[in-house]
Amino acid sequence: MNTPVHADVYTHGHHESVLRSHRWRTAENSAAYLLPHLTPGQSLLDVGCGPGSVTIDLAARVAPGRVVGVDVSAKVIDVARTAAADAGTDVTFDVADAYELPFPDDSFDVVHAHQVLQHLSDPVAALREMRRVARPGGVVAVRDADYSGMTWYPPSPGLDEWQALYQEVTEANRAEADAGRRLLSWVRAAGFDPAGIAPSAGVWCYATPEDRTWWADLWADRCTKSNFAAQAIDHHLADEVGLELLADAWHEWGAEPDGWFAVLHGEVVARA
Ligand SMILES: C[S@@+](CC[C@H](N)C(=O)[O-])C[C@H]1O[C@@H](n2cnc3c(N)ncnc32)[C@H](O)[C@@H]1O
């Protein structure tokens with residue numbers, strides 16, 4: 001990974017269990033709030049694009065417009081390039097830092113970031129940079145989860161502990177797990193015209209047997225195998241036994257026929 005301007009730590013990393021979660025994302029399930037603002041021919045920049053599934057999907061909405069995805073991780077940019085080639089989509093993927101986008105002012109009609117600001121120690125600086133590369137009258141669109149706003153059933157002390165540990169690890173990384181509720185304030189602090197700001201909320205829900213198993217299995221793996229696990233240990237916030245117990249709690253929840261999990265997100269579309 002390149003050294004970002006603010007030397008932030010990306011809590012999740014790019015283990016297979018993390019990419020399994022990111023690859024599920026589509027324009028429909030992760031950027032529905034933005035879709036009414038897209039028209040064919042627009043240029044679009046996706047900041048912190050990860051493996052690129054949302055970027056590639058958005059490209060279909062603005063084709064034949066120019067679409068670029070950037071991420072600070074060279075490893076995940078390689079994954080995104082392969083995905084674009086497999087999809088036969090003409091999207092450019094490059095390594096770049098959200099704090100220092102390598103584009104002139106006023107370059108794109110749409111500048112988008114999904115689940116990125118929550119990982120930055122200075123999300124307002126990144127939003128200013130996104131606004132700089134958006135053309136006047138263009139759109140900056142951001143969406144982030146809000147971990148304290150996540151709800152599940154049945155009650156699970158193990159998932160309560162997972163939630164508490166996630167908050168501690170992100171705090172140690174100077175990141176904000178409850179970003180969703182703060183997006184509006186960050187966009188306002190970045191200096192966008194209040195008259196051009198449209199806030200909303202969106203939800204992912206995992207409650208079918210298939211979705212429940214997928215979500216539980218990937219979080220169980222993330223608790224023991226991803227950067228999240230390594231950082232929890234490095235920060236002395238958990239040990240391997242404790243992380244295995246969290247993984248067990250996820251598997252137990254995933255096996256519950258009544259299991260239901262909702263992920264609340266904040267969303268903002270702001271005119272540049
Ligand atoms: C949770 S993932 C979201 C990926 C993708 N947007 C999606 O929703 O599937 C966050 C991504 O932001 C990237 N990232 C973190 N800090 C960054 C920075 N300063 N500049 C650019 N990308 C960054 C990470 O490498 C990671 O791929």
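Of the residues Asp144, Asp160, Asp178, the single one that is under 13 Å from the mean Cα position of the chain (by Cα) and not in a strand (DSSP E or B) is Asp178. Is it the case that segment 104-115 has a residue that's in a loop (DSSP other than H, G, I, E, B), within 12 Å of the ligand (Cβ to nearest atom) and touching a His at 6+ places or on another chain (Cβ under 9 Å)? Within segment 104-115 (the criterion being in a loop (DSSP other than H, G, I, E, B), within 12 Å of the ligand (Cβ to nearest atom) and touching a His at 6+ places or on another chain (Cβ under 9 Å)), the answer is yes, since at least one residue qualifies.
The rows are residues; the columns are (1) free of Cβ contacts under 8 Å to residues at least 60 places away in the same chain; (2) open to solvent by 10 Å² or more (accessible area, probe 1.4 Å).
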| position | (1), (2) |
| --- | --- |
| Ala207 | yes, yes |
| Glu210 | yes, yes |
| Ala216 | yes, no |
| Asp221 | no, yes |
| Ser226 | no, no |
| Gln231 | no, yes |
| Ala238 | no, yes |
| Val241 | yes, yes |
| Glu244 | yes, yes |
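Check whether at least one residue in segment 57-65 is open to solvent by less than 20 Å² (accessible area, probe 1.4 Å) and in a loop (DSSP other than H, G, I, E, B), and report yes or no. Yes, segment 57-65 has at least one match.
Listed by first and then second residue, the pairs linking a residue in segment 38-55 that is at positive phi to a residue that is within 13 Å of the ligand (Cβ to nearest atom) and of a type outside the set (A, V, I, L, M), with Cβ atoms under 7 Å apart and 6 or more places separating them unless they lie on different chains, are Gly48/Asp71; Gly50/His22; Gly50/Asp71; Gly52/Gly69; Gly52/Phe93.
Against the numbered list (1) within 16 Å of the ligand (Cβ to nearest atom); (2) assigned to a loop (DSSP other than H, G, I, E, B); (3) small (Gly, Ala, Ser), Ala83 comes up short only at (2).
Selection within segment 183-202: residues that are part of a helix (DSSP H, G or I) and surrounded by fewer than 17 Cβ atoms within 10 Å (Cβ to Cβ). The member of this set that is nearest to the chain's Cα centre (by Cα) is Ser185.
Restricting to segment 1-31, and then to whatever is assigned to a loop (DSSP other than H, G, I, E, B) and more than 22 Å from Ala126 (Cα to Cα), can you tell me which residue is most open to solvent (accessible area, probe 1.4 Å)? Top of the filtered list is Trp24.
The values are calculated or read from the model by the stated rules, or taken from the named source; none is laboratory data. What you see is a predicted model; the values in this text were computed from it and never measured. We place every Cβ from the backbone using ideal geometry, glycine too, and count neighbours over all the protein chains shown. Calculation scope for accessible area: heavy atoms of the full protein, side chains included, ligands and nucleic acids excluded. Shrake-Rupley method; radii C 1.70, N 1.55, O 1.52, S 1.80 Å.
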